[in-house]
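A short write-up of the structure that comes next.
The values are calculated or read from the model by the stated rules, or taken from the named source; none is laboratory data. The model shown is predicted, which means the values in this text are computed figures rather than measured ones. Every residue, glycine among them, receives a Cβ derived from its backbone with ideal geometry; neighbour counts consider all protein chains shown. Side chains included, ligands, DNA and RNA excluded: accessible areas come from the protein's heavy atoms. Shrake-Rupley method; radii C 1.70, N 1.55, O 1.52, S 1.80 Å.
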Amino acid sequence: MSTNASLTSPGSASCGGTLINRYYILTAAHCFASVQASHFDRYFAVVGAQYRNDTNSVRYTIKSIIIHSQYDSDTYENDIALVQLSLPVDFNDSTVGFSCLPPNGAVNYPNESMNATALGWGSLEQGGSSAYALQQVELPIVSNQNSYCADVLVTSSTQFCAGFISGGKDTCQGDRY
């Protein structure tokens, strides 16, 4: 089952996202920060794809895009957006699922005892080409007290680190969390 969605325009995939319910995909604000509302019709969401050229997936037109009001393109702080689909996704389709969001008011979420799951068609190696099949990796949450993590976070209340400090497994360009 895939919770991954590809947000694209004809001929090229531009960003990945995650279904959070039948009408909304959670994605990165930087994907659409420069797209005008009048151009939404040039994009569509591909839901349920396992392969980059999957012909069995369903395309959904985009009704609206909501970018976090405090998104900062320099620091990527609040790099989050919601894509509203014009029609609901059919969850009776066995290739489609959704991800649950953390509970309202959650403090210190996620925490070090948790793992994060990243999905995507991102590069399989630094500077490499995009993966053909949808990839998935489990990564441990890293404390924001860790020196590496503290050095890369702008604001620990809105950002977190995940991965192996020693390397080995990671995400790469084109993956989404």
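What separates the Cα centres of the range 137-158 and the range 15-49 is a distance of 26 Å. Shape class for the range 111-177: prolate, because the ratio a/c of the largest to smallest gyration tensor axis (alpha-carbon atoms, square roots of eigenvalues) is 1.5 or more and a/b beats b/c.
Only helical runs count toward this figure. For the chain, summing -39,500 (n - 2.57) over DSSP H runs of n ≥ 4 and dividing by all residues gives -1000 deg cm²/dmol at 222 nm.
Computed over the chain with a Gaussian network model linking Cα atoms closer than 10 Å, the most mobile of ALA49, ALA29, ALA37 is ALA37.
Once the Cβ-Cβ distance of SER113 and ASP41 is raised to the sixth power relative to R0 = 25 Å, the FRET efficiency obtained is 0.05. When nucleic acids and ligands are ignored and a 1.4 Å probe is applied, HIS30 ends up with an accessible area of around 80 Å². Rolling a 1.4 Å probe across all protein chains gives ILE66 an accessible area of roughly 90 Å².
May I ask you to derive the relative contact order of the range 92-169, considering only C-alpha pairs under 8 Å and at least 6 residues apart, and to give it as an integer percent?
Details: 85 pairs, mean separation 19.1, N = 78.
The value is 24 percent.
Taken along the Cα-to-beta-carbon direction at a fixed 7 Å, the label points for PHE91 and SER130 span 2.8 nm.
On the beta carbon distance between TYR76 and ASN56, with R0 = 25 Å, the FRET formula returns roughly 0.15. Taken along the Cα-to-beta-carbon direction at a fixed 7 Å, the label points for CYS100 and SER34 span 3.9 nm. A probe of 1.4 angstrom, applied to the heavy atoms of all protein chains, finds CYS100 with accessible area near 110 square angstrom. Here the 3J(HN,Hα) profile of the range 145-156, calculated from phi with Karplus coefficients 6.51, -1.76 and 1.60 at θ = phi - 60°, is 7, 4, 4, 5, 5, 4, 6, 9, 7, 8, 9, 5 Hz, Gly and Pro shown as x.
Within the set [x] 10, 31, 30, 17, 7, 4, 1, 0; [y] 9, 35, 38, 16, 1; [z] 10, 39, 37, 12, 2, the number that P(r) over Cα pairs in 10 Å bins from 0, in percent takes when calculated for this structure is listed as [y].
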